[in-house]
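Student: Below you will find the structure I want to go over with you.
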Amino acid sequence: MSRLIDELRKLPGVGTKSAQRLAFHVLRGTDADARALADALLELRAKLRLCSVCNNVTDVDPCTYCTNPVRDQHLLCVVEEPTNIATIEKTHSYNGVYHVLHGTLSPIGGVGPEQLRIANLLSRLAPVAADSDDGEGIREVIVATSPTTEGEATAAYLAVEIRRIAPSLRVTRIATGVPAGSDIEYADEVTMTRALEGRREF
Ligand SMILES: [Zn+2]
């Protein structure tokens with residue numbers, strides 16, 4: 001029991017109390033449930049890895065986004081986590097490729113640029129600077145990190161670094177503002193300011 005609790009506590013966001021609750025849940029459950037959980041964990045490790053190009057979770061390397069000829073390989077969207085890809089895919093309004101950072105910069109949390117997958121993002125973009133108009137490589141980078149303090153800091157850092165290695169590359173930030181279906185009466189000042197800044201022509 002304590003062995004399982006110790007292992008569960010290593011998971012992000014799981015404290016001792018939660019770990020105990022999860023362990024007791026497994027203990028009270030069926031053998032089949034416990035085995036299904038263990039199998040899922042082992043299979044994840046055995047079959048899934050990170051794409052060597054975009055760092056997305058995949059069972060083939062490079063992943064299906066990176067090798068899909070129907071997708072626009074000149075348009076790249078930078079996201080924080082692999083799960084963000086599903087959110088963007090659901091819109092059916094993006095057909096480019098991705099780059100997953102696996103986190104955001106957080107000086108307080110001890111996450112610097114070296115802890116994120118930034119180096120292989122810059123190496124994907126570097127050839128553009130050397131060979132700018134050959135039709136190969138990335139032409140635009142959309143930075144789609146969250147509009148949180150860490151997400152904005154990460155976006156600002158990336159914009160500077162990308163401009164440094166590929167000055168001719170178009171670097172854009174996703175718009176933020178008033179959520180669809182909400183009343184602007186309830187928007188805070190930061191949200192409203194961004195909504196005004198990000199306004200567009202009809
Ligand atoms: Zn990939």
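The values are calculated or read from the model by the stated rules, or taken from the named source; none is laboratory data. What you see is a predicted model; the values in this text were computed from it and never measured. With ideal geometry, Cβ positions are generated from the backbone for all residues, glycine too; neighbour counts draw on all protein chains shown. For the accessible areas, the whole protein counts, side chains as well, though only heavy atoms, and no ligand, DNA or RNA atoms are used. Shrake-Rupley method; radii C 1.70, N 1.55, O 1.52, S 1.80 Å.
Student: Quick test of your reading of the structure: R71 fulfils all but one of (1) more than 10 Å from the ligand (Cβ to nearest atom); (2) open to solvent by 50 Å² or more (accessible area, probe 1.4 Å); (3) more than 26 Å from E150 (Cβ to Cβ). Name the failing condition by number.
Tutor: Of everything listed in (1) more than 10 Å from the ligand (Cβ to nearest atom); (2) open to solvent by 50 Å² or more (accessible area, probe 1.4 Å); (3) more than 26 Å from E150 (Cβ to Cβ), R71 misses just condition (2).
Student: Name every residue in region 144-202 that is open to solvent by 80 Å² or more (accessible area, probe 1.4 Å) and touching a Gly at 6+ places or on another chain (Cβ under 6 Å), in order of residue number.
Tutor: Matches in region 144-202: A175 only.
Student: Name the residue, out of C66, C77, C54, that is under 16 Å from the mean Cα position of the chain (by Cα) and away from the ligand (no atom under 11 Å from the Cβ).
Tutor: Step by step, each of C66, C77, C54 is checked, and only C77 is under 16 Å from the mean Cα position of the chain (by Cα) and away from the ligand (no atom under 11 Å from the Cβ).
Student: Does C77 count as of a type in the set (A, V, I, L, M, F, W, C), outside any strand (DSSP E or B) and surrounded by 15 or more Cβ atoms within 10 Å (Cβ to Cβ)?
Tutor: No.
Student: Kindly indicate the residue of region 102-117 that is buried (at least 16 other Cβ atoms within 10 Å of the Cβ) and among the hydrophobic types (A, V, I, L, M, F, W, C) and also farthest from the chain's Cα centre (by Cα) among those meeting that condition.
Tutor: V111
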